[in-house]
Amino acid sequence: MDPIDGTRPALAGFESACVSVAAAPLDDEPTMGAVRIGCITEIKSGRAFVAERGGGIQPAAALSANTAPERMFWSYGLRGRPARETVEVLADLIDGSSVGGATFDLGSATYDMTRVVSGQLDAYVEPGPRMVADVPGLHQRFTEVGGGAVLNNSPYDLAAAALCVEEAGAVLSDAYGGSLADRPLLGSGADFQMSCVVACNAELHAKICAAIETGIARLVEAPGTTARTEG
């Protein structure tokens, strides 16, 4: 359970703050794929999304049919993430959608992911844990920006929303394009954090993952980056 996903938007009185609850059978090592029920309720409006594994989602999904990154309406988050490095990874997507699409930092992963379900967004992209894993020196940068902690999405941030987008028919993966199903459901430290890519369809998802791949390589190779100076 995440009692307030979107603390800062809630403090500002914005809509993008949710209560997120996921239920799974309690065994020795429950995983993300074991979640059976996911419920997300928007604090300000009271609007709710409820998904049951294999039983669909209510209200019914209205996924976008867009397959073009340059027309993509999408979101990402910078809270606790080093801005220069994060934008370097996402730069092709940000620039490509700058005129024909739009980018948003709405401050809540669950709100972002349910906007894909509602059709208001085409995608949600969060590469942070992959950046920490793949780019030398970035663990230190994330720790600096996070005030002494690495602040990426933990299982409790994603568990209910992940089931919602899957039952809606959207495509969900980590930033490598791999499944989140086997990742531990319980745990909140850096070792449990997960990158996340949600897209309204498989074609757009593949293009987003390819752009992340290029962005990670560019960050590793760019002169003057943390990776080059500390790696």
Revision key, fill the gap. Mean Cβ-within-10 Å packing, highest first, puts peptides 115-128, 66-79 in the order 115-128, 66-79
Exercise for review: Kyte-Doolittle cut-off 0.5, length cut-off 24 Å along the helix's own axis using Cα: show which whole DSSP H helices in the chain pass.
Suggested key: 202-221
Practice item. Pop a pseudo-label 7 angstrom from the Cα along the beta-carbon direction at both D182 and D105 and give the gap in nm to one decimal. Key: 3.4 nm
Check your understanding: Once you put a point 7 Å from the Cα of F14 and another 7 Å from the Cα of R47, both along the Cβ direction, what distance in nm separates them?
Key -> 1.5 nm
Check your understanding: With no solvent and one point on each alpha carbon, what is the Debye value of log10 I(q)/I(0) for segment 59-191 at q = 0.11 Å⁻¹?
Key -> -0.39
Revision key, fill the gap. Per residue, accessible area of the chain with a 1.4 Å probe, heavy atoms of protein chains only, in Å², comes to 44 Å²
Study note, to complete from the structure: Calculated from DSSP helices alone, with each H run of at least 4 adding -39500 (n - 2.57) and the total divided by the residues of the chain, [θ]222 nm to the nearest 500 comes to -11000 deg cm²/dmol
Exercise for review: Please compute the net charge surrounding S20, taking Lys and Arg as +1 and Asp and Glu as -1 over other residues with Cβ under 10 Å from its Cβ.
Suggested key: -3
Review point. How much net charge surrounds V99 when only the other residues with a Cβ under 13 Å from the Cβ of V99 are counted, with Lys and Arg +1 and Asp and Glu -1?
Key: -1
Check your understanding: So how long is each side of segment 1-109 along the principal axes, counting just the alpha-carbon atoms, biggest first, in Å?
Key -> 44, 33, 33
Point to revise | Principal axis box of segment 65-108, alpha-carbon based, largest edge first, Å | key: 31, 21, 15
**Study point:** Fraction of the pair-distance distribution of segment 92-146 above 14 Å, Cα-Cα pairs, percent
**Key:** 65 percent
Study note, to complete from the structure: With all protein chains present, segment 1-65 has a carbon and sulfur share of its accessible area (1.4 Å probe) in percent of 58 percent
Check your understanding: Where the centre of each part is set by its Cα atoms, how far does segment 61-130 sit from segment 132-177, in angstrom?
Key -> 13 Å
Practice item. Please tell me the relative contact order of the chain in percent, rounded to the nearest whole number, where contacts are Cα pairs under 8 Å and at least six residues apart. Key: 25 percent
Practice item. Return the tail of the calculated pair distribution for segment 113-231, meaning the percent of Cα-Cα pairs more than 25 Å apart. Key: 26 percent
Study note, to complete from the structure: Put E221, E85, E167 in order of accessible area, largest first, probe 1.4 Å, and you get E221, E167, E85
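The values are calculated or read from the model by the stated rules, or taken from the named source; none is laboratory data. What you see is a predicted model, and the numbers here were worked out from it, not measured in a lab. Backbone-built Cβ (ideal geometry, glycine too); neighbour counts: all protein chains shown. Side chains are part of the model used for accessible areas, which takes the heavy atoms of the whole protein and leaves out ligands, DNA and RNA. Shrake-Rupley method; radii C 1.70, N 1.55, O 1.52, S 1.80 Å.
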